[in-house]
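K.L.:
Submitted below is the structure of interest, expressed as structure tokens.
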Amino acid sequence: AIVSDAYDGYEKHARTTGQKWQLRWMPIRRNFVDAEKSNPERAAEALSFIRKLYAFGLEVVERRMTPEGATEERLSSS
């Protein structure tokens, strides 16, 4: 799996090689932290969502879930 920022070259590489591509949230999160000054309500909503994703990611690691198990868990809890 490729874990990267949103540079589309990684997506193209993953597509041509058959690898899975996953975005890193940290660069995206930084934009919302910066946006807190100009639009605090919407930034807070986005940051709350990202915190939930981080918490779920930690749970996946702690429980040693397979990717399929994590997907199933995520879909059943939404």
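The values are calculated or read from the model by the stated rules, or taken from the named source; none is laboratory data. Small disclaimer: the values here were computed from a predicted structure and weren't measured. Positions of Cβ are generated from backbone atoms using ideal geometry, with glycine treated the same way; all protein chains shown enter the neighbour counts. In case anyone asks, the SASA skips ligands and DNA or RNA and just uses the protein heavy atoms, side chains included. Shrake-Rupley method; radii C 1.70, N 1.55, O 1.52, S 1.80 Å.
K.L.:
Can you give me the span-like helices of the chain, meaning DSSP H runs with 20 Å or more of Cα extent along the axis and Kyte-Doolittle mean at or above -0.5?
P.N.:
40-62
K.L.:
Which parts of the range 26-45 would a label at TYR7 reach, counting a residue when its backbone N lies under 20 Å from a point 7 Å out along Cα-to-Cβ?
P.N.:
26-31
K.L.:
Here's a follow-up. Dipole of the chain, Cα-centred, from +1 at each Lys and Arg C-beta and -1 at each Asp and Glu C-beta, to the nearest 20 debye?
P.N.:
With Lys and Arg at +1 and Asp and Glu at -1, about 140 debye.
K.L.:
Label-point separation (nm) for ARG15 and LYS52, each offset 7 Å from Cα along Cα-to-Cβ?
P.N.:
Label at ARG15, label at LYS52, 2.9 nm between them.
K.L.:
If you don't mind, another one. Take the Cα atoms of the chain, build their convex hull, and give its volume per residue in Å³.
P.N.:
Each residue corresponds to 105 Å³ of Cα convex hull volume.
K.L.:
For PHE56, what charge total do you get from the other residues with a beta carbon under 13 Å from its beta carbon, if Lys and Arg give +1 and Asp and Glu give -1?
P.N.:
0
K.L.:
Oh, and also: On the protein heavy atoms, probe 1.4 angstrom, tell me the percent of accessible surface of the chain carried by carbon and sulfur.
P.N.:
Carbon and sulfur: 53 percent of the exposed surface of the chain.
K.L.:
With charges set only on the Cβ (+1 for Lys and Arg, -1 for Asp and Glu), what does the dipole of the range 29-68 come to about its Cα centre, in debye to the nearest 20?
P.N.:
So the dipole magnitude of the range 29-68 works out to roughly 80 debye.
K.L.:
Hey, with R₀ at 35 Å, roughly what FRET efficiency would MET65 and SER38 work out to, going by the Cβ-Cβ distance, to 0.05?
P.N.:
Working from the Cβ atoms, E equals 0.40.
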